[in-house]
Structures are given as C-alpha cells and as structure tokens.
Amino acid sequence: MPTLAESWPGVAQAWGCFESVSPGPDGLLVAGWMQLLGQDFSSFRLMLNGKSAAASEVYLRPDVAEVYPRVTGADRSGFHFMVPIAGTDPMTSGRVDVLGCVGDRPVARMSTRFRADLDRLMPTPPTELMVRVASVGDPSIFKAGGLKSFTDFYDAICRRRDFRSTRRLLDWGCGCGRVTAHFLLEPERPEVFGCDIDGAAIAWCQENLPAGIFSRINPMPPTPFPDGTFDVVIGYSVFTHLERETQRAWLNEIHRVLVPGGLLLATTQGQFAAFLEPPQVLDQLERFGILDQDFDSMLAGVVSDGYYRVVFQTSDYTLQEWSKIFDILEYTERGIGNYQDLIVMSSRG
Ligand SMILES: C[S@@+](CC[C@H](N)C(=O)[O-])C[C@H]1O[C@@H](n2cnc3c(N)ncnc32)[C@H](O)[C@@H]1O
C-alpha cells in the first residue's frame, strides 16, 4: 500500500456505497452505487491496485432513488464489475477505486481496500456495541464499512505525511474499534491508541484488540495524556454528537495532546448530510450555521442526558470556528465513508 497518497486532480469524491467487494474463486466482485449531485455518469471504470481493470455500464437502481427521493439521478447509479483471476493469483487483498465517467473522462471516484481475511483477522464486537456506533448489526457490513473509512483516513494522512513517520496515533471516540482495528492490521504502523467515554466499548477493545492501547475517558477534558503525546489524532463521527461549546473544549484538548504540527482529522455532518434529511433541516442549517440542540438517545445510560446530540454544521461555520484553534489544511465534502465531511488540521507550534 502507498505511504504517500495518489492525487486525483479534477476528480471529485463521490457519494455512494460499496455493497460488495468480495474476492472469490472466480475473481473479484465489486458492486454498489455511486452518485455525484448534478452529474449523470455514462459509465464506470474499476481501478484495481492503481491499474485499470474493468468497465461497467450504469445500472438502474430504483431502490436507491426510493431511499433518496430528493436526489435527481439516484436511480441511474449502479455499478457491477467482475474481475477474473489472472493465473493462480487468489487476489486476497488490495485496493479498488471506482471512477464515474462522462464519456471517457473520470469525474468522480470512490475508493476502498478489501481483504479476504477480514473475518479471521478482525474480531466481531457484540451486536449492541456495533449498533451503538454504526447503526448496523451485520458484522460484514460493519467490518467492510470500517475498512472503507480507514482507507479514507489513511489516504488523507498520506496526503500530508509519510505514514511510516507517525510514531503515535490516537483514535479519539474509537467506540468498539471499527476503524482502529484496521490501523492495527497495518504492517508498518505507529503505536495505536484509542479512547472513548463508553466503558463497555473500551473494555471490549482492551480484551479483543490487544495490540492497541485503549482507555476510557471522561466526557469533558482533560484526558490523562501528557502534552504533545500524538503525531496524529482521528475523530470519526464524534464532533457530530457534540454541541458547540463542548466541541471547542475538545478541539483545545486535542491541540494540547498533539505535537506542534501534528494532524487532527475529524468529521462533521455538513450540508450534504443535512440535504439527505427532510428539507427544513438544510434550510435551518443555512440560517444558523450549526444545529446542535437535538438529543441522541444512542448513549442513554452511558453518558448524562443531553450530552450526546445530533449535530449538523456548515463548512463556513466549521472553517470559521475551528480555524481559531487549528490551521485548516483541507476540507473535503463527503470525505469519509462517502457521507461525513472530513477536515484535516494541523496544530500550531
Ligand atoms: C458514532 S460513534 C463513532 C465511533 C467510532 N469513531 C466509529 O467510527 O466507529 C461516536 C463515538 O464517540 C464517543 N464519544 C462521544 N463523546 C466523546 C468524547 N467527548 N470523547 C471521546 N469519545 C466520545 C461515543 O461514545 C461513541 O463511541
């Protein structure tokens, strides 16, 4: 795998879903759907480990259109590739990039890694813990989704630094290790830490992911980590649950535990996530910049009522508020998991 990311000039991050990336006896099956708002694809292309491997026509997906009625063109979003096995190579792991094309020109992409040994290598958390962080109880979807998000984080880190130069990485709000587990499977990896306010999730990680260092932390800073402990901190779908003052407190705390020039990669629910909600959500969001008053009951009994929320925030709000604490290096709509926005930041010296 690359330690420095490829760049895709002019090719936008798409929205969609890999429903299958399955190496099997006949070859690699890659299927799913993909959309770029306002764009009609004429075909899809599959890159396997960086090389062009197959083409697919655009398949009709009325089921996708039914779930997202406000997205024009969602019914023309399906792709389906079967890459036959070359020689005796069993193709057990690798990387796929699906490109949405207009004519011959790629305009959008979706990427993930795949591995045939995912079930064997990654222990399955109890259903209750998977549902709590990902709203899914199916282990294959949970693990493949974690691998896809890991790919996005890994690529984003590699756009900024050689991954191998990272000494310590923290997955802040790691839950039951959906993404952390994939960092732990990397052959050349930093010391990997995970922390969360959910004691049951952390106990499961401590028991089942022994290569990582996991700790339960309090809902408000400080954490026990000394100043400048980490080179990289990721926070996947954590700020998406914290109201604005709590976000500020945690941005300051993460800044404290990063080395100067360290990276924070964090996600938000931005305008795109709001667009998929009933129309009034986006209207309100554009008026106020942040919507952080709705409570989320998913952590009932884990944290005090009112702490855990459903938060949307515009890119303008995020850039304005977060740049008071961090230097913003990159803002990518739908940059993680094809849905949440990704903000890559650097701590100040
Ligand atoms: C939607 S889940 C995402 C979990 C994990 N990042 C993943 O992608 O699977 C949000 C997680 O953030 C944790 N969390 C909420 N507030 C937190 C805080 N202040 N510090 C650390 N973790 C927090 C929750 O307990 C939960 O595990």
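The values are calculated or read from the model by the stated rules, or taken from the named source; none is laboratory data. Please read all numbers here as calculations on a predicted model, not as lab measurements. Note: ideal-geometry Cβ built from the backbone for every residue, glycine included; neighbour counts use all protein chains shown.
Those residues that are more than 15 Å from the chain's Cα centre (by Cα), aromatic (Phe, Trp, Tyr) and more than 16 Å from the ligand (Cβ to nearest atom), I need them from the range 230-289; list them, please.
Across the range 230-289, the qualifying residues are 275, 288.
Please go through the range 60-86 and give me each residue that is of a type in the set (A, V, I, L, M), closer than 22 Å to residue 101 by Cα and surrounded by 14 or more Cβ atoms within 10 Å (Cβ to Cβ), ordered by number.
64, 65, 71, 74, 82, 83
Looking only at strands (runs of 3 or more DSSP E) that lie completely in the range 1-86, which have at least 1 residues being without any contact (Cβ under 8 Å) to a residue 24 or more places away in the chain?
Output list reads 15-24, 51-56.
Take the residues in the range 290-313 that are polar (S, T, N, Q) and more than 20 Å from residue 236 (Cβ to Cβ), then tell me which one is farthest from the ligand (Cβ to nearest atom).
Among those that are polar (S, T, N, Q) and more than 20 Å from residue 236 (Cβ to Cβ), it is 293.
Search the range 159-178 for residues being within 12 Å of residue 192 (Cβ to Cβ) and assigned to a loop (DSSP other than H, G, I, E, B), and hand back the single one that is farthest from the ligand (Cβ to nearest atom).
167
Please work out if residue 225 is farther than 15 Å from residue 307 by Cα, of a type in the set (Phe, Trp, Tyr) and part of a strand (DSSP E or B).
no
I need a count of the residues in the range 179-203 that are closer than 24 Å to residue 250 by Cα, out of contact with any strand residue (DSSP E or B) (no Cβ under 7 Å at 6 or more places or on another chain) and either within 11 Å of the ligand (Cβ to nearest atom) or not in a helix (DSSP H, G or I) (or both).
The total comes to 4.
What strands (runs of 3 or more DSSP E) lie completely within the range 249-349 and have 1 or more residues being out of contact with any helix residue (DSSP H, G or I) (no Cβ under 9 Å at 6 or more places or on another chain) and hydrophobic (A, V, I, L, M, F, W, C)?
258-268, 290-295
Residue 29 - would you say it is aliphatic (A, V, I, L, M) and at pLDDT 95 or above?
The answer is no for residue 29.
The rows are residues; the columns are (1) at pLDDT below 95; (2) buried (at least 21 other Cβ atoms within 10 Å of the Cβ); (3) among the β-branched types (Val, Ile, Thr).
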residue	(1), (2), (3)
94	yes, no, no
101	no, no, no
115	yes, no, no
127	no, no, yes
137	yes, no, no
143	yes, yes, no
172	no, yes, no
193	no, yes, no
197	no, no, yes
